[in-house]
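The structure appears below as structure tokens.
Derivation of every value follows stated rules applied to the coordinates shown; laboratory data play no part. As the structure is a prediction and not an experimental result, all values here were calculated from the model. FYI the Cβ positions are ideal-geometry reconstructions off the backbone, even for glycines, and counts take in every protein chain you see.
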Amino acid sequence: MRYFTLIIAFLLFSCGKKEDVLLPKSNITIVKDVQDLSPIYIFFKVEGKDTIAEVNRKSSIISTNWILNIDKRLPLKLVIPEVMKLQEKKRADSAHKNENAENYYSYADSVGKNLAFLPFTKVFYKMEKPTAGSFVVYFSKGKKRVFMGNQEIKISEILKHFYSIKFAKVPDLVFLFDKNMSYEEYIQYKILLQKDVTHNLDTLPVEFIF
């Protein structure tokens, strides 16, 4: 079944009115196909001078794979609190829980011209600054590289740099994202992390948004 067509149809005509979700784009596909899914939408809204993240999860079923279609224009500080609420609801519903059901972010593959998906089921978010003692990888708004300590490096070199340091006690590796970056920039970072870093890790680092 071509879920891409159904999703686009929903985006164009929701509840009888036009509602658009502008998806992030990338030239890399992490996951190409997801079956047994429930779409959830987070729209970009403006009320006066305020930007609002408006959630529509009417079609979500706990036991299915959740696809989050989020507008790329939203800042991370508005997106992640809504994502955390959705994660908590799904994790807490033991009666309908399906251990095989995953959560994915959707984005557009600009090369393959298809809808692509990025898993984030095992990610835990915190809307705060990391505690002292953690080893922080900082993702700054508007940068193509990341900061580890005082050094700016490529994303593909994160693990190499981390394992090259002789720690007296190996600290927890955590990711810190600038809360003011756009959701699109966050997804582009996450795609590169999945491609070059996190697929090599047994446990995903906690992600801080600050």
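Below is a table of values for the structure above.
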{"read-out": "Degrees between helix 3-12 axis and first principal axis of the chain (Cα, 0 to 90, nearest 10)", "value": "70 degrees"}
{"read-out": "Of Phe44, Phe167, Phe124, the one that fluctuates the most in a GNM where the chain has Cα springs shorter than 10 Å", "value": "Phe167"}
{"read-out": "Answer label for Rg and Dmax of the Cα atoms in Å (calculated), chosen among (i) 17.6, 61; (ii) 18.9, 60; (iii) 24.0, 72", "value": "(i)"}
{"read-out": "Between 0 and 90°, nearest 10: helix 183-196 axis offset from the chain longest Cα axis", "value": "60 degrees"}
{"read-out": "FRET efficiency for Glu152 and Lys122, using Cβ-Cβ distance with R0 set to 35 Å, rounded to 0.05", "value": "0.80"}
{"read-out": "Dipole-positive endmost among Val55, Ile209, Asn65 within the chain (Cβ charges, Cα centre)", "value": "Ile209"}
{"read-out": "Candidates Ala116, Ala168, Ala92, ranked by Gaussian network fluctuation over the chain, Cα under 10 Å, top entry", "value": "Ala168"}
{"read-out": "Long pairs among Lys97/Lys169; Lys58/Lys129; Lys49/Lys77; Lys141/Lys169; Lys72/Lys113, criterion Cα-Cα beyond 26 Å", "value": "Lys97/Lys169; Lys58/Lys129; Lys141/Lys169"}
{"read-out": "Test item: Cα-centred dipole of the chain, Lys/Arg +1 and Asp/Glu -1 on Cβ, debye", "value": "300 debye"}
{"read-out": "The stretch 3-121 - Kirkwood radius from inverse mean 1/r over Cα pairs (Å)", "value": "14.9 Å"}
{"read-out": "Cubic angstrom per residue, convex hull over Cα atoms of the stretch 126-209", "value": "98 Å³"}
{"read-out": "Gaussian network model of the chain, springs between alpha carbon atoms under 10 Å - residue of Gly48, Gly149, Gly112 with greatest fluctuation", "value": "Gly48"}
{"read-out": "Per DSSP, loop trypsin sites (Lys or Arg not before Pro) in the stretch 27-81 with at most 15 further Cβ within 10 Å", "value": "Lys32, Lys49, Lys58, Arg73"}
{"read-out": "Between 0 and 90°, nearest 10: helix 76-92 axis offset from the chain longest Cα axis", "value": "80 degrees"}
{"read-out": "DSSP loop GluC sites (Glu not before Pro) with at most 13 other Cβ within 10 Å: longest gap in the chain", "value": "1-98"}
